[in-house]
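What follows draws every value from the coordinates through simple rules; no lab data is involved. It should be emphasised that the depicted structure is a prediction, and the values quoted were computed from it without experimental measurement. Heads up, the Cβs are rebuilt from the backbone with ideal geometry, glycines too, and the neighbour counts pull from every protein chain shown.
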Amino acid sequence: MTGSSPAATLLAFPSFHPALAGEAPAGVRFLDPGLADAEAGPYLRPGTLPLNGEELAGFMREFERLRREVKNPKDLALLAGSSTGHFFNDTSFAVREAFEDAQHPERVAARRDKAAQLALCLAYMVEESLLDLASVGELDANFHKGLAESLGLDQDDAGDEEAGSLTAALAGAGEVLQAASLAEEFRPPWRQILPPFWALAPDSAGLFVADADMAASLLDAGILLTEADAGTVAALFPDSAPAGTVFADRVTGWRLLGRTRPMSDSPWLDQPRLVVAVKP
């Protein structure tokens, strides 16, 4: 890319909350799937969200019910694993969606758009739950146990002690670091978030990779090859350029996922977007 390239709206990825995005440069915005408070951060809400009002409120109630039942925090992220978008199998929400598909096959594409929004709402709410945990002075015993299990610590021996030590270390490092550490461990993987994010984000928006590990993997894999020149950096970040070497390329969604060819079941990933990352 050259300095003559037009500036684009950049959305932080994969974080939905500014507190979890590290040092996101000024001007980078956060995708709002329909749940964010516009006054709480630099959010961008797409103008044509398929779900709002009571439908979205029903989803949130289902999530809150399940969150109260979950014992291991890792299970919150696993709720997002359904490829069909029915995150709440055997609930009235999923049954209603399946019934509408059977009665009106033409609504399948619309349901996929709804599934993308629900996936991102779920990821947003998982992050919100982790921020809530980070704001608590002492994490409860269930969380200690879940943390130990997710890290493979031996509960029969020193697992509880090791988990407690790790949690204490995180807590001593400050709330923002603790929240970011919890998100790294417990939120859905970025490859799981990317397809619905690509579907919901405005066509003109690019991605700013806010996760250092993800940026390193993209650079190591040769997916981002072009080092941005000074003009391009200035156009992308007119308020304050990030420290470090910036890479910027237009990439399809399936390529960003590490695929070698388009995905027939996800045609929206064929659209290239500007992807920007800072070399760690």
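The modelled label-to-label distance between Glu55 and Asp213, using points 7 Å beyond Cα along the C-beta direction, is 3.4 nm. Under 1.5 on a/c is rounded, so check that first for the stretch 226-280, then, if it is not, pick prolate when a/b is larger than b/c and oblate when it is not; a ≥ b ≥ c are the square roots of the alpha carbon gyration tensor eigenvalues. Because a/c hits 1.5 or more and a/b exceeds b/c, the stretch 226-280 counts as prolate.
If you rank Ser129, Ser204 by fewest surrounding Cβ atoms within 10 Å, what's the result?
Lowest to highest Cβ neighbour count: Ser204, Ser129.
Counted by neighbouring Cβ atoms within 10 Å, the residues Ile193, Ile223 run from fewest to most as Ile223, Ile193.
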